[in-house]
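Working notes, structure below.
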Amino acid sequence: MRTAFIDTLCELAEQDERIWLLTGDLGYSILERFANRFPSRYVNVGVAEQNMTGVAAGLALCGKVVFTYSIANFPTLRCLEQIRNDVCYHNLNVKVVAVGGGLAYGAQGMTHHATEDLAIMRALPNMTVIAPGDPVETRLATRAIVNRPGPCYLRLGKAGEPVVHQTPPAFTIGKAITVREGSSVTLISTGGMLHNALQAAELLAQERIQARVLSMHTLKPLDNESVLAAALETSTIVTIEEHSLIGGLGSAVSETLSKGMPKGIRFRSLGMPDRFADIGSQECSRRSYRLTPQGISSAVQDMLSHRC
Amino acid sequence: MSTESSVDFALAIRAHALRMVHRANASHIGTSLSMADLLAVLYSHVLRVDPARPDWPDRDRFILSKGHGAAIIYAVLAERGFFPVEWLDTYCQDGSKLAGHITAHGVPGVEVSTGSLGHGLPIGCGMALAGKREGRPYRVFVMLSDGELDEGSNWEAILFAPHHQLDNLVAIVDYNKIQSFGTVKEVLELSPLADKWRAFRWAVREIDGHDHKQIESALTSIPFEPGKPSVIIAHTVKGKGVSFMENQLAWHYKSPNAEQLKQALAELGLNK
C-alpha cells in the first residue's frame with residue numbers, strides 16, 4: 001500500500017504544486033521518489049512529530065496541501081494535540097498518513113502496533129478517516145483526499161497486501177464499496193481486512209451462506225445508508241477490523257445501527273479486545289483474534305446458528 | 001512613527017486589557033501587561049499588516065504562542081482597526097468571538113488559535129519555510145512565554161529553524177520569569193537562556209522588554225545574521241505598569257475588582 005500511495009502522490013504532485021510531503025525521518029527507500037522529484041516541496045523534519053505536524057499546519061495556513069508521513073502511531077498519537085488544535089480546529093489541508101496500521105509491525109512490539117488510531121482520529125471534529133482495503137483503493141483514496149478540503153487521516157497497511165479489486169471501483173469518500181453481493185449476512189471490513197473478509201465469504205458460500213462484503217474504506221463520515229440497507233436486507237452484520245473493539249469500525253457501525261436499527265438484527269464486531277497485543281507476526285495475531293478467513297467464517301456460522 | 005506614539009499605544013492597550021479582565025472576571029492580566037510594550041512597538045513600527053486586508057498573502061505573520069495573553073492582543077487588533085473596539089466588551093462572554101485563549105475563528109488579524117503551550121513556534125516554522133522556499137517577502141514573528149519553553153515541542157522547532165536557515169523567522173521570549181506555580185528559577189530553570197538559543201544556532205539579542213527604543217532597534221534589525229533565525233530575549237516584568245501587580249504571582253490568576261481597576265488606571269495616568 002505504501003508504494004501505491006507514494007506513486008500516486010508523485011503523480012498528483014506533478015499536476016498540483018500545492019502538494020508537500022513531510023516525514024518524521026521514516027520511509028527510507030520509499031519516499032526518495034518524491035524527494036528527488038520535488039525537493040522544494042519535501043522536508044524530512046527529523047524525528048520530531050510534534051514539530052512536523054505544527055510545520056504542516058503552518059504550511060497549510062499558507063495554502064499548501066501537506067502530507068505528514070510516518071509509521072504506526074508516530075504521526076497520530078505522538079502529536080495528537082497538534083493534530084487536534086493546529087490542524088483540526090483550523091480545519092487545515094493536512095493529510096496524516098500512517099504506514100503499518102494495525103499489526104503490520106506485529107513482531108516489532110507494542111510501540112509499533114497502531115491499534116487505537118482509528119478510534120482516536122475518528123473522535124476529532126473536522127477529521128476524515130480513511131483506511132483503504134487494498135493497493136487499488138489506496139491509489140483512489142490518495143487522489144480523493146487531495147480534492148477534499150480539510151484534515152484527513154489515511155491509515156495504510158505496509159507492503160505486499162493482495163490486490164482485491166481487479167478493476168478500479170468507483171471510489172467516493174464516505175461511500176462503501178460493495179465487493180460481493182449476498183443476502184444472508186453482511187461482512188463489513190475496513191483497511192487491509194478486506195481480503196480476508198472476501199475469502200471468508202467464499203468459505204461461507206461453501207456452507208450455502210451468501211455473504212455480502214462491504215469495503216468500508218471511510219470510517220468517518222460513515223456510510224450510514226449502506227449500513228442500514230445491509231441491516232434491512234441481510235439482517236446479520238459482522239464488522240471486521242485490525243483495531244481495538246473500542247471506537248473503531250465496530251463502534252461506528254453500532255452507533256449507526258443504534259439510531260436506526262430495524263428489529264431482529266444480529267450484530268457482532270470482530271477485532272482486538274481491550275488489551276495490548278502479544279508480540280508476533282501479523283498472521284499469528286490475526287489467528288488469535290479470529291481475523292483470518294477461517295476465523296471470520298466460523299464466527300459468522302456461530303452467529304447464524306445462535307451459538308453466540 | 002515616533003517612539004512616543006508606541007508609548008501612548010502601550011498605555012491604551014494596557015487600559016483595555018485591564019478593563020476586559022475586570023469585566024470578564026478573567027485571569028492572566030500579568031502576562032498581558034508584561035508584553036504590552038513589545039506588542040505596542042511591533043504593531044506601531046514593525047509589522048507589515050493591513051487591517052483592510054487581513055488575508056493579504058505577503059503580510060507579516062504574528063503568532064501569539066502564549067495564548068493566555070489574549071486580552072491585550074485583542075486590544076491591539078481593535079485599536080489598529082482589524083475589528084470594532086466594541087468587540088472588546090464581549091471578551092470571555094457567552095457566545096463571544098473573543099475567547100480567553102486566543103482564537104482565530106472569525107477574528108480578523110489573529111493568524112492562529114493557541115492556548116495549549118508549545119504550538120506557535122512549529123506553526124511559525126511552517127509559515128517561514130513556505131515563505132523562504134517560495135521567495136516571499138513576509139516575516140513571521142512568534143511570541144513565546146518563558147514557562148512555555150518547558151514544552152519539548154518548542155525545542156524541536158528551535159532545532160528545525162536554523163537547519164532550514166529561516167532568517168525570516170523571529171522568536172520573541174517574554175521573559176518575565178514567573179510561571180504558573182512560582183518563579184522560573186523555582187519551577188524549571190531556563191538559565192542560561194541566551195546560551196541555549198545560541199547553542200541551537202539562533203542569532204540572539206537580549207533587551208529590556210519595556211524600553212521602546214531597545215525594542216524598536218532590535219525588531220528593525222532582523223535578521224540579526226543572514227541565514228539564521230532571530231530570537232529576542234526580552235527581559236520583562238510580569239504585571240508591568242501597575243505597581244501592585246508587578247512581579248506578583250497572584251496576578252497570573254486574579255482579576256482586578258472595581259477599586260483595583262480604578263487604581264490601576266490611575267497609575268497609568270488614565271482616570272476612568
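Checking B:Glu186 against (1) within 11 Å of another protein chain (Cβ to nearest Cβ); (2) assigned to a helix (DSSP H, G or I); (3) over 27 Å from B:Asp58 (Cβ atoms), which test does it fail?
(1)
Among what's in segment B:113-129 and is buried (at least 24 other Cβ atoms within 10 Å of the Cβ) and at the interface with another protein chain (Cβ under 7 Å from one of its Cβ atoms), pick the residue that is farthest from A:Cys62 (Cα to Cα).
Step one: list which residues in segment B:113-129 are buried (at least 24 other Cβ atoms within 10 Å of the Cβ), which gives B:114, B:118-129.
Then drop every residue that is not at the interface with another protein chain (Cβ under 7 Å from one of its Cβ atoms), which leaves B:119, B:122-127, B:129.
On the way: B:His119: 17, B:Pro122: 14, B:Ile123: 11, B:Gly124: 11, B:Cys125: 12, B:Gly126: 9, B:Met127: 6, B:Leu129: 10 Å.
Applying the filter and picking the extreme gives B:His119.
Which one is nearest to B:Ala264 (Cα to Cα), of the residues in segment B:227-241 that are in a loop (DSSP other than H, G, I, E, B) and of a type outside the set (A, V, I, L, M, F, W, C)?
Filtering segment B:227-241 down to residues in a loop (DSSP other than H, G, I, E, B) leaves B:227-229, B:236-241.
Now narrow it down to the ones that are of a type outside the set (A, V, I, L, M, F, W, C): B:227-229, B:236, B:238-241.
Numbers: B:Gly227: 44, B:Lys228: 41, B:Pro229: 38, B:Thr236: 18, B:Lys238: 14, B:Gly239: 11, B:Lys240: 11, B:Gly241: 8 Å.
Among those that are in a loop (DSSP other than H, G, I, E, B) and of a type outside the set (A, V, I, L, M, F, W, C), it is B:Gly241.
Scan segment A:139-167 residue by residue and report those that are closer than 24 Å to A:Gln199 by Cα and out of contact with any helix residue (DSSP H, G or I) (no Cβ under 9 Å at 6 or more places or on another chain). Spell out how you get there, then give the answer.
Kept after step one, since they are closer than 24 Å to A:Gln199 by Cα, are these residues of segment A:139-167: A:139-141, A:155-167.
Of everything in segment A:139-167, just one residue is closer than 24 Å to A:Gln199 by Cα and out of contact with any helix residue (DSSP H, G or I) (no Cβ under 9 Å at 6 or more places or on another chain), namely A:Gly160.
Answer yes or no: is there a residue in segment A:128-138 that is touching a residue at least 24 places away in the same chain (Cβ under 8 Å), touching a Cys at 6+ places or on another chain (Cβ under 8 Å) and either of a type in the set (D, E, K, R) or part of a loop (DSSP other than H, G, I, E, B) (or both).
So the first thing to find is which residues in segment A:128-138 are touching a residue at least 24 places away in the same chain (Cβ under 8 Å), and the list is A:128-138.
Checking the rest, the ones that are also touching a Cys at 6+ places or on another chain (Cβ under 8 Å) come to A:128-130.
Of the ones still in play, those that are also either of a type in the set (D, E, K, R) or part of a loop (DSSP other than H, G, I, E, B) (or both) are none.
Checked against the condition, which is being touching a residue at least 24 places away in the same chain (Cβ under 8 Å), touching a Cys at 6+ places or on another chain (Cβ under 8 Å) and either of a type in the set (D, E, K, R) or part of a loop (DSSP other than H, G, I, E, B) (or both), segment A:128-138 yields no hits at all.
Taking segment B:176-188 as the search range and keeping residues that are among the aliphatic types (A, V, I, L, M) and surrounded by 15 or more Cβ atoms within 10 Å (Cβ to Cβ), which one is farthest from B:Met127 (Cα to Cα)? Give the derivation first.
The first filter runs over segment B:176-188 and keeps only residues among the aliphatic types (A, V, I, L, M), leaving B:178, B:184, B:187-188.
After this cut, where a residue has to be surrounded by 15 or more Cβ atoms within 10 Å (Cβ to Cβ) as well, the list is B:178, B:184, B:187.
Working: B:Ile178: 29, B:Val184: 30, B:Val187: 32 Å.
Here the answer is B:Val187.
B:Val7 passes all but one of (1) out of contact with any His (no Cβ under 7 Å at 6 or more places or on another chain); (2) surrounded by fewer than 17 Cβ atoms within 10 Å (Cβ to Cβ); (3) of a type outside the set (Lys, Arg); which number fails?
(1)
Scanning for something over 15 Å from the mean Cα position of the chain (by Cα), part of a helix (DSSP H, G or I) and not aromatic (Phe, Trp, Tyr), does segment B:145-152 turn up at least one residue? It would help to see each step written out before you state the result.
As a first pass, look at segment B:145-152 and keep what is over 15 Å from the mean Cα position of the chain (by Cα): B:150-152.
From what is left, the residues that are part of a helix (DSSP H, G or I) are B:150, B:152.
So of that shortlist, the ones also not aromatic (Phe, Trp, Tyr) come out as B:150, B:152.
Yes: segment B:145-152 contains one or more residues that are over 15 Å from the mean Cα position of the chain (by Cα), part of a helix (DSSP H, G or I) and not aromatic (Phe, Trp, Tyr).
Which members of segment A:181-210 meet the condition of being in a strand (DSSP E or B) and under 22 Å from A:Gly102 (Cβ atoms)?
As a first pass, look at segment A:181-210 and keep what is in a strand (DSSP E or B): A:185-189.
Scanning segment A:181-210 gives A:Thr186, A:Leu187, A:Ile188, A:Ser189.
For segment A:38-57, how many residues meet the condition of being out of contact with any Cys (no Cβ under 6 Å at 6 or more places or on another chain) and part of a helix (DSSP H, G or I)? Spell out the reasoning first.
As a first pass, look at segment A:38-57 and keep what is out of contact with any Cys (no Cβ under 6 Å at 6 or more places or on another chain): A:38-48, A:51-52, A:54, A:56-57.
Filter again for part of a helix (DSSP H, G or I), leaving A:39-41, A:51-52, A:54, A:56-57.
Number satisfying all stated conditions: 8.
Do we find a residue being without any contact (Cβ under 8 Å) to a residue 40 or more places away in the chain, more than 12 Å from the chain's Cα centre (by Cα) and closer than 20 Å to B:Glu156 by Cβ anywhere in segment B:117-124? First the steps, then the outcome.
Keep residues of segment B:117-124 that are without any contact (Cβ under 8 Å) to a residue 40 or more places away in the chain, which gives B:122.
Adding the requirement that they be more than 12 Å from the chain's Cα centre (by Cα) leaves B:122.
Then drop every residue that is not closer than 20 Å to B:Glu156 by Cβ, which leaves B:122.
Taking every residue of segment B:117-124 in turn, at least one turns out to be without any contact (Cβ under 8 Å) to a residue 40 or more places away in the chain, more than 12 Å from the chain's Cα centre (by Cα) and closer than 20 Å to B:Glu156 by Cβ.
Can you pull out the residues in segment B:140-163 that are of a type outside the set (Val, Ile, Thr), under 23 Å from B:Ser34 (Cβ atoms) and more than 7 Å from chain A (Cβ to nearest Cβ)?
Step one: list which residues in segment B:140-163 are of a type outside the set (Val, Ile, Thr), which gives B:141, B:143-157, B:159-163.
Pick out the ones that are also under 23 Å from B:Ser34 (Cβ atoms) and you get B:141, B:143-151, B:153-155, B:157.
Selection gives B:Phe141, B:Met143, B:Leu144, B:Ser145, B:Asp146, B:Gly147, B:Glu148, B:Leu149, B:Asp150, B:Glu151, B:Asn154, B:Trp155.
Is it fair to say A:Ala13 is touching a helix residue (DSSP H, G or I) at 6+ places or on another chain (Cβ under 8 Å), touching a residue at least 24 places away in the same chain (Cβ under 8 Å), assigned to a helix (DSSP H, G or I) and surrounded by 24 or more Cβ atoms within 10 Å (Cβ to Cβ)?
no
Among (1) in contact with a Cys (Cβ under 6 Å, 6 or more places away or on another chain); (2) away from every other protein chain (no Cβ under 14 Å); (3) within 30 Å of B:Thr103 (Cβ to Cβ), where does A:Thr76 come up short?
Every condition holds for A:Thr76 apart from (1).
Six or more apart or on different chains, Cβ atoms under 6 Å: show the pairs whose first residue is in segment A:82-108 and within 14 Å of chain B (Cβ to nearest Cβ) and in a helix (DSSP H, G or I) and whose second is buried (at least 24 other Cβ atoms within 10 Å of the Cβ) and among the small types (Gly, Ala, Ser).
Short answer, once both residue conditions are applied: A:Gln82/A:Gly54; A:Asp86/A:Gly54; A:Asp86/A:Ala57; A:Val87/A:Ala57.
A:Leu232 versus (1) touching a helix residue (DSSP H, G or I) at 6+ places or on another chain (Cβ under 7 Å); (2) under 16 Å from A:Phe267 (Cβ atoms); (3) surrounded by fewer than 17 Cβ atoms within 10 Å (Cβ to Cβ): which is the lone unmet condition?
(1)
Please return the ranges of helices (runs of 4 or more DSSP H) entirely within segment B:1-81 where 1 or more residues are under 11 Å from the mean Cα position of the chain (by Cα) and modelled with pLDDT of 95 or more. Write out each step before concluding.
Values: elements: B:3-24, B:29-34, B:36-41, B:70-79.
Fully inside segment B:1-81 and qualifying: B:29-34, B:36-41, B:70-79.
Please indicate, with yes or no, whether at least one residue in segment A:121-132 is closer than 29 Å to A:Cys284 by Cβ and either modelled with pLDDT under 95 or not assigned by TED's automatic domain parsing to the domain that holds A:Thr23 (or both). Explain how you work it out, then say what you get.
Filtering segment A:121-132 down to residues closer than 29 Å to A:Cys284 by Cβ leaves A:121-122, A:129-132.
Narrowing further to those that are either modelled with pLDDT under 95 or not assigned by TED's automatic domain parsing to the domain that holds A:Thr23 (or both): none.
No, every residue in segment A:121-132 fails to be closer than 29 Å to A:Cys284 by Cβ and either modelled with pLDDT under 95 or not assigned by TED's automatic domain parsing to the domain that holds A:Thr23 (or both).
Taking the condition of being without any contact (Cβ under 8 Å) to a residue 24 or more places away in the chain, touching a Leu at 6+ places or on another chain (Cβ under 9 Å) and within 11 Å of chain B (Cβ to nearest Cβ), how many residues in segment A:16-56 meet it?
7
For segment B:20-41, give me each residue that is crowded, with 24+ Cβ neighbours inside 10 Å and of a type in the set (A, V, I, L, M).
First, the residues of segment B:20-41 that are crowded, with 24+ Cβ neighbours inside 10 Å: B:20-21, B:29-41.
Listed by number, the residues that qualify are B:Met20, B:Val21, B:Ile29, B:Leu33, B:Met35, B:Ala36, B:Leu38, B:Leu39, B:Ala40, B:Val41.
Do we find a residue being touching a helix residue (DSSP H, G or I) at 6+ places or on another chain (Cβ under 6 Å) and either without any contact (Cβ under 8 Å) to a residue 24 or more places away in the chain or more than 21 Å from B:Ile29 (Cβ to Cβ) (or both) anywhere in segment B:242-257?
The answer is no, given that none of the residues of segment B:242-257 is touching a helix residue (DSSP H, G or I) at 6+ places or on another chain (Cβ under 6 Å) and either without any contact (Cβ under 8 Å) to a residue 24 or more places away in the chain or more than 21 Å from B:Ile29 (Cβ to Cβ) (or both).
Counting just the residues of segment B:88-112 that are charged (D, E, K, R) and surrounded by fewer than 18 Cβ atoms within 10 Å (Cβ to Cβ), which one comes out farthest from the other protein chains (Cβ to nearest Cβ)? If you could, list the steps in order and put the result at the bottom.
Filtering segment B:88-112 down to residues charged (D, E, K, R) leaves B:89, B:94, B:97, B:111.
From the residues that got through so far, the ones that are surrounded by fewer than 18 Cβ atoms within 10 Å (Cβ to Cβ) too are B:89, B:94, B:97.
On the way: B:Asp89: 25, B:Asp94: 20, B:Lys97: 14 Å.
Ranking the qualifying residues of segment B:88-112, first place goes to B:Asp89.
Looking for something in contact with a His (Cβ under 8 Å, 6 or more places away or on another chain) and within 14 Å of chain A (Cβ to nearest Cβ) - is there at least one such residue anywhere in segment B:71-87?
No, that holds for no residue.
I'd like to know if segment B:164-175 contains one or more residues that are within 16 Å of B:Ser65 (Cβ to Cβ), surrounded by 17 or more Cβ atoms within 10 Å (Cβ to Cβ), within 13 Å of another protein chain (Cβ to nearest Cβ) and of a type in the set (Gly, Ala, Ser). If you could, list the steps in order and put the result at the bottom.
So in segment B:164-175, the residues within 16 Å of B:Ser65 (Cβ to Cβ) come out as B:166, B:169-175.
Then drop every residue that is not surrounded by 17 or more Cβ atoms within 10 Å (Cβ to Cβ), which leaves B:166, B:169-175.
Right, trim to within 13 Å of another protein chain (Cβ to nearest Cβ) and you get B:166, B:169.
Restricting the remaining residues to those that are of a type in the set (Gly, Ala, Ser) gives none.
For segment B:164-175, residues within 16 Å of B:Ser65 (Cβ to Cβ), surrounded by 17 or more Cβ atoms within 10 Å (Cβ to Cβ), within 13 Å of another protein chain (Cβ to nearest Cβ) and of a type in the set (Gly, Ala, Ser): absent.
The values are calculated or read from the model by the stated rules, or taken from the named source; none is laboratory data. Here the structure is a predicted model, which is why all the values come from computation and not from measurement. Here Cβ is always computed from backbone atoms with ideal geometry, including for glycine, and neighbour counts include all displayed protein chains.
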